[in-house]
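> Please find one structure pasted underneath; my questions will follow.
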Amino acid sequence: DRCSTLVTRGLNGWLVGHQEDYWEKFFGKMLALELEFAGFPKLLCLGYPGQLPAGASINGYGIALTNNSLWPKAGVGISKQARHFRAALATTFAEALITLAYGPHALTDHFTLLGAEEDLAASIEVSNIVASADECVIRQIVHNEPVIPGESVAAPFAHANSVQWLDLHEPDPCPPGSYMRLGKLSAEAARNPPRTAADMLALLTKPDGILRKLPDKNLTG
């Protein structure tokens, strides 16, 4: 039923939880990679067979990325895998942000970007002229700060596989389960937001049929 992301402010800084839940055929086949290329920071990431690394990643400079697929029509542009992989090797938050935001974009997508050294977090939705009036919409994720409409959103922040910011030409063709997962994440975060990695892990791995689905318990299908 695709991916879910939650960003909270933990006891030791930003905390991001992400599920890579793409297609059944990848079950048991995902890769956990530790990579280092000359001239670039070390990269830890999840990946899919046959694709570039960095499905969800963090590098040696504290640049962390997750991706949530969105489903409006494709256009002409750079693939999200190539863009994400290059951004995952950035050494600053600004470098990664520019790499993700600058078009043209082949697909409509959402990226969550965090920079440990800068102590910054952002939600980035990108698209193309076929699907949206917007090429890119960025919202900073803030904590203990007033939210500025149109510029920032408060942590805890959740995203799934439905568009939140872009001005689409047609109704969002997202999987219906996206709204259920987004609602569950938002409700749980409002009630008792995870403050530690263990808290986040417990929330995202409990087999509730929504955030974590099993063959005999899938409420979002």
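> In the range 101-122, how many are without any contact (Cβ under 8 Å) to a residue 40 or more places away in the chain, closer than 12 Å to Ile63 by Cβ and in a strand (DSSP E or B)? Let's see the steps before the verdict.
Of the range 101-122, the ones without any contact (Cβ under 8 Å) to a residue 40 or more places away in the chain are 101-107, 118, 120, 122.
Then keep just the ones that are closer than 12 Å to Ile63 by Cβ; that gives 118, 120, 122.
Pick out the ones that are also in a strand (DSSP E or B) and you get 120, 122.
Of the residues in the range 101-122, 2 are without any contact (Cβ under 8 Å) to a residue 40 or more places away in the chain, closer than 12 Å to Ile63 by Cβ and in a strand (DSSP E or B).
> Enumerate the pairs (first residue in the range 57-77 and in a strand (DSSP E or B); second residue anywhere and buried (at least 18 other Cβ atoms within 10 Å of the Cβ) and among the basic types (Lys, Arg)) with beta-carbon separation below 7 Å, excluding pairs fewer than 6 apart on the same chain, so at least 6 apart or on different chains.
The qualifying pairs are Asn67/Lys80; Ser69/Arg2.
> Could you list, in sequence order, all residues of the range 34-48 that are over 26 Å from Val163 (Cα atoms), open to solvent by less than 50 Å² (accessible area, probe 1.4 Å) and either among the hydrophobic types (A, V, I, L, M, F, W, C) or within 19 Å of the chain's Cα centre (by Cα) (or both)? Break it down into steps so the answer makes sense when it comes.
So the first thing to find is which residues in the range 34-48 are over 26 Å from Val163 (Cα atoms), and the list is 34-44.
With open to solvent by less than 50 Å² (accessible area, probe 1.4 Å) added as a condition, the list becomes 35, 41, 43.
Leu35, Leu43 - these are the residues of the range 34-48 that are over 26 Å from Val163 (Cα atoms), open to solvent by less than 50 Å² (accessible area, probe 1.4 Å) and either among the hydrophobic types (A, V, I, L, M, F, W, C) or within 19 Å of the chain's Cα centre (by Cα) (or both).
> Follow-up. In the range 194-217, which residues are touching a residue at least 40 places away in the same chain (Cβ under 8 Å) and under 16 Å from Leu182 (Cα atoms)?
Pro194, Met200, Leu203, Leu204, Leu211, Arg212, Lys213
> Yes or no: Leu182 open to solvent by less than 70 Å² (accessible area, probe 1.4 Å), in contact (Cβ under 8 Å) with a residue 24 or more places away in the chain and touching a helix residue (DSSP H, G or I) at 6+ places or on another chain (Cβ under 6 Å)? First the steps, then the outcome.
Numbers: open to solvent by less than 70 Å² (accessible area, probe 1.4 Å): yes; in contact (Cβ under 8 Å) with a residue 24 or more places away in the chain: yes; touching a helix residue (DSSP H, G or I) at 6+ places or on another chain (Cβ under 6 Å): no.
So Leu182 does not fit the description; no.
> Can you tell me how many residues within the range 198-215 are exposed (fewer than 14 other Cβ atoms within 10 Å of the Cβ) and in contact with a Gly (Cβ under 9 Å, 6 or more places away or on another chain)? Don't jump to the end; show me each part of the working.
The initial filter retains those residues of the range 198-215 that are exposed (fewer than 14 other Cβ atoms within 10 Å of the Cβ), namely 198, 201-202, 205-207, 214-215.
Now narrow it down to the ones that are in contact with a Gly (Cβ under 9 Å, 6 or more places away or on another chain): 201.
Residues flagged as exposed (fewer than 14 other Cβ atoms within 10 Å of the Cβ) and in contact with a Gly (Cβ under 9 Å, 6 or more places away or on another chain) within the range 198-215 amount to 1.
> Evaluate the range 18-33: report whether one residue or more is assigned to a loop (DSSP other than H, G, I, E, B), at pLDDT 95 or above and open to solvent by 30 Å² or more (accessible area, probe 1.4 Å). Break it down into steps so the answer makes sense when it comes.
Initial filter on the range 18-33 (assigned to a loop (DSSP other than H, G, I, E, B)): 20-23, 27-30.
If we keep only those that are at pLDDT 95 or above as well, we get none.
No, there is no match, as no residue in the range 18-33 is assigned to a loop (DSSP other than H, G, I, E, B), at pLDDT 95 or above and open to solvent by 30 Å² or more (accessible area, probe 1.4 Å).
Listed here are the residues, each with its yes/no results for (1) open to solvent by less than 60 Å² (accessible area, probe 1.4 Å); (2) touching a Cys at 6+ places or on another chain (Cβ under 7 Å); (3) under 25 Å from Pro194 (Cβ atoms).
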| site | (1), (2), (3) |
| --- | --- |
| Leu52 | no, no, no |
| Ile58 | no, no, yes |
| Ala64 | yes, no, yes |
| Val76 | no, no, no |
| Arg83 | yes, no, no |
| Ala88 | yes, yes, yes |
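> Would you kindly identify the strands (runs of 3 or more DSSP E) lying entirely within the range 129-221 that contain at least 2 residues that are small (Gly, Ala, Ser)? So that I can check it myself, show each step before the final result.
On the way: elements: 136-142, 152-154, 157-159.
Qualifying strands (runs of 3 or more DSSP E): 152-154.
> Now a separate question. For Arg2, which of the numbered conditions (1) under 25 Å from Leu168 (Cα atoms); (2) in a strand (DSSP E or B) fails to hold?
Condition (2) is where Arg2 drops out.
> Enumerate the pairs (first residue in the range 145-164 and touching a residue at least 60 places away in the same chain (Cβ under 8 Å); second residue anywhere and charged (D, E, K, R)) with beta-carbon separation below 6 Å, excluding pairs fewer than 6 apart on the same chain, so at least 6 apart or on different chains.
Cβ pairs passing all conditions: Ala155/Arg9; Ala160/Arg181; Asn161/Arg2; Ser162/Asp172; Val163/Asp172.
> While we're on this one: Can you say whether Phe93 is in contact with a Pro (Cβ under 9 Å, 6 or more places away or on another chain), aromatic (Phe, Trp, Tyr) and surrounded by 17 or more Cβ atoms within 10 Å (Cβ to Cβ), as far as the supplied structure shows? Talk me through it step by step, then tell me what you get.
Values: in contact with a Pro (Cβ under 9 Å, 6 or more places away or on another chain): no; aromatic (Phe, Trp, Tyr): yes; surrounded by 17 or more Cβ atoms within 10 Å (Cβ to Cβ): yes.
It is false that Phe93 is in contact with a Pro (Cβ under 9 Å, 6 or more places away or on another chain), aromatic (Phe, Trp, Tyr) and surrounded by 17 or more Cβ atoms within 10 Å (Cβ to Cβ).
> Out of all the residues in the range 96-123, which are hydrophobic (A, V, I, L, M, F, W, C), surrounded by 22 or more Cβ atoms within 10 Å (Cβ to Cβ) and over 18 Å from Leu43 (Cβ atoms)?
Ala121, Ala122
The values are calculated or read from the model by the stated rules, or taken from the named source; none is laboratory data. A quick note: this is a predicted structure, and the numbers were derived from the prediction, not measured. Methodologically, a virtual Cβ is constructed for each residue, glycine included, from the backbone with ideal geometry; neighbour enumeration extends over all protein chains shown. For accessibility, only protein heavy atoms count, side chains too; no ligands or nucleic acids. Shrake-Rupley method; radii C 1.70, N 1.55, O 1.52, S 1.80 Å.
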